[in-house]
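Asks: Please see the structure below; I have some questions.
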Amino acid sequence: MDKYSSSEATIPKNSKESAALEKAGYAEVSSVVGSENKPIEFTPWPEVFAERYREKGYWIDCPLTQVLKENSVSQPYATAIVCGNRHVSYWELDALSDRLANSLLRRQLKKYDTALVQLPNVVEFYIVFFALLKIGVVPVNAIFNHQRLELNAYAAQIKPKLLIASSQHNLFQSGEFAEALKNQHEQLKHVLILGSNDYAENLSDCMALKQKKSIDFQPTEPDQVAFFQLSGGSTGTPKLIPRTHNDYFYSIRRSVDICRFTDKTRYLCALPAAHNFSLSSPGVLGVFYAGGTVVLAPDPEAINCFNLIENHQVNVVALVPPAVSLWLKALPNHVRKIRSLKLMQVGGANFAQAVAFDVLKHFGCQLQQVFGMAEGLVNYTRLNDPEGSIVASQGRPMCPDDEIKIVDENFEPVDCGETGMLLTRGPYTIRGYYQSAEHNKTAFTRTGFYCTGDLVQQMSDGNLQVVGRVKDQINRGGEKIATEEIENLLLQHEEIVHAALVAIPDEVMGEKSCAFVVTNNQNLRPIKIRQFLRAQGVAEYKLPDKFQLATHLPLTPIGKIDKKKLREFTQPQPTTQFA
Ligand code: OOB
């Protein structure tokens, strides 16, 4: 099942589009067969597990392209995506991604080549996603607010042959950065830019050419890497997460089941399109699989989203906790606009119970908590769970074969209801990060459990509560910051001797970041440090929200920076604070 024909030559005969296409005449295109690339390396599941996952029907050896295919055939003219004034049907989405796929084949892109993609929440994100899947080109989808540093780090790891980006992003308004990427990564040959620009081919032009002949597309094999997800990270360089067709497709199907998505689902996608939550939990891919409609919002800004909900009768939305708080604040004058909303999913970061109750009271819709991770495991409160569990817990694993262990610092299981570190393995949780042999030794146990770094408690009904974390990460309203990455950048400043980044509580964001800095220049101002970090090309959300000067940093008995103590310093009114 890893092959199928492009749809444009087989469009439904009596359609308007069909007539228009025939009148226009198809362009002749034939697939270019070049020498084969090797599959992308990844840590596979051991054979006994793979066998079990197939036996139980989790892995169906079918490419992710099928997520779109079924509805593009069974209900071609149903609206798949609403994006501004554009209404794109299932057939159109499939056909446009066919055209782009063909166009990329003509550029000699081959199965198991890689691509770096950075697009905002627009239709093209999905056209590109499916086009690449169809021809087996394996993408990293960077989040739209990522900057030079993040894009460079991804490019260094995957060595992309293709870059697809948007001229809406500051990095791609001129050709300078794309040129620098090309110079740095010699295998990068093709740059396609969405939106007007004077330095690269236009992405839209690559979707314009119709094809006459049916082409056999060849996605990567179903048990191989389909694309990379991004890890929130806890190390100096962001890690990439290889996701296979089999594992990701299962997580989509199962999520659709649990969240009861159907062809009546009208889903507002207001979180970044590339994030695992909005992509697959059940996310946009879940909607496509179920045959519903996705309404795209550029971001979760409340009033715009309320208007979209009203105008398009949206019934499901996925949000991170800070967005929920902002929506609650903005709601009083707009209640009538959100009447169609039936389900609000909340996840990505700690969600206060009091706010959960407010959602039930003021939005009058169902609430579902989602505790997931790009590495795999997704927990959902179930739609028929008692209200008490829904507001107080982050749900339970979605698959009966998700194995979880809650352990102490010696990796011994804790008693029922006690707090411990969450370990997990299962049919859609990776067994290793991409090209990270050293890090994988500690991120995974010898028996293949992923160490999530989350501290949880299991309630008597099986649901989990996330109560903290042991990983060196700050969760800034769902956006993850690997402290080591920022500390390393700070240490590159010639006047900074020591640096440590810790989380500080924040009413709206849940957490913000505070950098403790030991400097040999007492006049060093935060504004200068921020400028320095920006100049290094780091995403804005990773810039420390606060800085504190210190003469020295407290150490633990074994000589590591004592972050627990630092966090205590952030609680009472600090005297040395300078931002
Ligand atoms: C989602 O994925 P990531 O990869 O951005 O972040 C995963 C981490 C988890 O390990 C946990 O630390 C935190 O984010 N997290 C939550 C949470 N959901 C995720 N912490 C507390 N409560 C929650 N509900 O964030 C993600 C992926 C798929 C679905 C939903 C979220």
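Asks: Which listed residue (Pro322, Gly388, Pro554) has the Cα farthest towards the positive end of the charge dipole for the chain, taking +1 on Lys and Arg C-beta and -1 on Asp and Glu C-beta about the Cα centre?
Replies: It is Pro322, whose Cα lies furthest towards the positive end.
Asks: Can I ask one more? When the solvent-accessible surface of protein heavy atoms is calculated with a 1.4 angstrom probe, in what order do Met207, Met509 fall, highest first?
Replies: Correct descending sequence by accessible area is Met509, Met207.
Asks: What's the local net charge at Lys161, with K and R +1, D and E -1, over the other residues with C-beta under 13 Å away?
Replies: +4
Asks: Rounded to the nearest 5, what is the percent of antiparallel bridges among the DSSP beta bridges in region 213-304?
Replies: 55 percent
Asks: Would you calculate the separation in nanometres between label points at Lys264 and Asn520, each defined as 7 Å from the Cα along the Cα-to-beta-carbon direction?
Replies: Between Lys264 and Asn520, the label points sit 7.0 nm apart.
Asks: Turning to a different aspect of this structure: With both bridge residues required to lie in region 300-469, what share of the DSSP beta bridges run antiparallel, to the nearest 5%? Could you put the intermediate results ahead of the total?
Replies: Numbers: 22 of 31 bridges.
Roughly 70 percent of the beta bridges in region 300-469 run antiparallel, per DSSP.
Asks: Before rounding to the nearest 500, sum -39500 (n - 2.57) across all DSSP H runs of length at least 4 in the chain and divide by the residue total; then give [θ] at 222 nm in deg cm²/dmol.
Replies: Using -39500 (n - 2.57) per qualifying helix, the result is -9000 deg cm²/dmol.
Asks: While we're on this one: Could you give the nm distance between label points at Asp257 and Ala156, where each point is 7 Å from its Cα heading toward the beta carbon?
Replies: In this crude label model, Asp257 to Ala156 measures out at 4.2 nm.
Asks: Which percent, nearest 5, of DSSP beta bridges in the chain are antiparallel?
Replies: 55 percent
Asks: Accessible area, 1.4 Å probe, largest first: how do Phe357, Phe228 sort?
Replies: Phe357, Phe228
Asks: Okay, next question. Given a 1.4 angstrom probe, I'd like the percentage of the accessible area of region 286-399 that is carbon and sulfur, rounded to a whole number.
Replies: Accessible surface attributable to carbon and sulfur in region 286-399 totals 51 percent.
Asks: Same structure again: Which of the GluC sites (Glu not before Pro) found in region 442-512 are loop residues per DSSP with 13 or fewer other Cβ atoms within 10 Å of their Cβ? Spell out each step's value before the answer.
Replies: Values: sites: Glu479, Glu484, Glu485, Glu487, Glu494, Glu495, Glu507, Glu511; in loops: Glu494, Glu495, Glu507.
Here the sparse-neighbourhood loop sites are Glu494, Glu507.
Asks: Another question, if that's okay. What shape does region 118-193 have by the C-alpha gyration tensor, where a ≥ b ≥ c are the square roots of the eigenvalues, rounded means a/c under 1.5, and otherwise prolate means a/b greater than b/c and oblate the rest?
Replies: Since a/c reaches 1.5 but b/c is at least a/b, the shape of region 118-193 is classed as oblate.
Asks: Right, here's the next one. What is the local net charge at Val359, summed over the other residues whose Cβ is closer than 14 Å to its Cβ (Lys, Arg +1; Asp, Glu -1)?
Replies: Result for the neighbourhood of Val359: +1.
Asks: How high is the FRET efficiency from Asp506 to Tyr77, r the C-beta distance, R0 30 Å, rounded to 0.05? Could you put the intermediate results ahead of the total?
Replies: Values: r = 46 Å, r/R0 = 1.55.
Approximately 0.05, to the nearest 0.05.
Asks: Stretch Arg86-Glu495 to full length: gain in nm at 0.36 nm per residue minus the Cα-Cα span?
Replies: Values: separation 409, 0.36 × 409 = 147.24 nm, distance 5.17 nm.
Extra length available between Arg86 and Glu495 comes to 142.1 nm.
Asks: For region 300-469, count the residues as N, evaluate 2.2 N^0.38 Å, and divide the Cα radius of gyration by that value, please. Intermediate values should be presented prior to the final figure.
Replies: Working: Rg = 18.0 Å, N = 170, 2.2 N^0.38 = 15.5 Å.
Cα-based Rg divided by the globular estimate yields 1.16.
Asks: Per 10 Å bin, what percent of the C-alpha pairs of region 256-377 does each bin hold, from zero upward?
Replies: For region 256-377, the pair-distance distribution reads 14, 51, 32, 3.
Asks: Using a simple charge model, +1 on the beta-carbon of Lys and Arg, -1 on the beta-carbon of Asp and Glu, nothing else, what dipole does region 476-567 show about its Cα centre, in debye to the nearest 20?
Replies: Charge dipole, region 476-567, about its Cα centre: 140 debye, nearest 20.
Asks: In terms of modelled amide H atoms, which long-range or inter-chain residues lie less than 5 Å from the amide H of Leu367?
Replies: Here Met344 satisfy the definition.
Asks: Oh, and also: Under the 0.36 nm per residue contour assumption, what length would be gained going from the current alpha-carbon distance of Leu360 and Asp415 to full extension? Kindly include the intermediate steps, with their values, before the conclusion.
Replies: On the way: separation 55, 0.36 × 55 = 19.80 nm, distance 3.26 nm.
So the extension gain works out to 16.5 nm.
Asks: Considering the Cα trace of region 435-481, what is its radius of gyration and what is Dmax, both in angstroms?
Replies: When restricted to Cα atoms, region 435-481 yields Rg and Dmax of 13.3, 39 Å.
Asks: Moving on to the next point. Please work out how much length the chain gains when fully extended from Val407 to Gln187, using 0.36 nm per residue of separation minus the C-alpha to C-alpha distance, in nm with one decimal. Numbers along the way, then the final one.
Replies: Values: separation 220, 0.36 × 220 = 79.20 nm, distance 4.45 nm.
This chain segment gains 74.8 nm when fully extended.
Asks: Express the accessible area of the chain per residue in Å², computed with a 1.4 Å probe while the remaining protein chains stay in the model.
Replies: Per residue, the chain has an accessible area of 41 Å².
Asks: Over all distinct Cα pairs, what is the inverse of the mean 1/r for the chain, reported as the Kirkwood hydrodynamic radius in Å?
Replies: 24.9 Å
Asks: What translational diffusion coefficient, in µm²/s and rounded to a whole number, does the Stokes-Einstein relation yield for region 476-567 at 4 °C and a viscosity of 1.567 mPa s, taking the hydrodynamic radius as the Kirkwood radius over Cα pairs?
Replies: Rounded to a whole number, D works out at 96 µm²/s.
Asks: Turning to a different aspect of this structure: Quick one: if you stick a label point 7 Å off each Cα along the C-beta vector at Asp562 and Val335, how many nm between them?
Replies: A separation of 5.2 nm, rounded to one decimal place.
Asks: A further question follows. On alpha-carbon atoms, Rg over Rh for region 8-290 using Kirkwood Rh?
Replies: Reported Rg/Rh (Cα atoms, Kirkwood Rh): 0.95.
Asks: Now, a different point. Mind checking which helices in the chain clear 18 Å along their axis (Cα) and have mean Kyte-Doolittle hydropathy of -0.5 or more, DSSP H runs only?
Replies: 90-106, 123-135
Asks: Could you sort Arg243, Arg260, Arg534, Arg446 by accessible area so the largest value comes first, with the probe set to 1.4 Å?
Replies: Output order, biggest surface exposure first: Arg446, Arg260, Arg534, Arg243.
Asks: In addition: Can you tell me the order of 121-131, 192-202, 164-174, 556-566 when each peptide is scored by its average per-residue count of other Cβ atoms within 10 angstrom, highest first?
Replies: Those peptides, ordered most packed to least, come out 121-131, 164-174, 192-202, 556-566.
Asks: Please report, in debye to the nearest 20, how large the charge dipole of the chain is about its Cα centre when each Lys and Arg carries +1 at its beta carbon and each Asp and Glu carries -1 there.
Replies: With Lys and Arg at +1 and Asp and Glu at -1, about 860 debye.
Asks: Where does the charge balance sit around Val414 when Lys and Arg score +1, Asp and Glu -1, over other residues with C-beta under 13 Å from its C-beta?
Replies: With Lys, Arg at +1 and Asp, Glu at -1, the neighbours total -4.
Asks: Can you tell me the FRET efficiency between Asn202 and Glu179 if r is taken as the Cβ-Cβ distance and R0 is 30 Å, rounded to the nearest 0.05? Present the calculation step by step, with values, prior to reporting the outcome.
Replies: Details: r = 17 Å, r/R0 = 0.56.
Computed FRET efficiency for Asn202 and Glu179: 0.95.
Asks: Sticking with this structure for a sec: Quick one: which residues, 5+ away or cross-chain, put their amide H under 5 Å from the amide H of Phe444? H built at 1.01 Å from N.
Replies: Answer set, sorted by chain and number: Cys451.
The values are calculated or read from the model by the stated rules, or taken from the named source; none is laboratory data. What you see is a predicted model; the values in this text were computed from it and never measured. All Cβ positions, glycine included, derive from the backbone under ideal geometry; neighbour counts span all protein chains shown. Remember, those area values only see protein heavy atoms, side chains included, never the ligands or the DNA or RNA. Shrake-Rupley method; radii C 1.70, N 1.55, O 1.52, S 1.80 Å.
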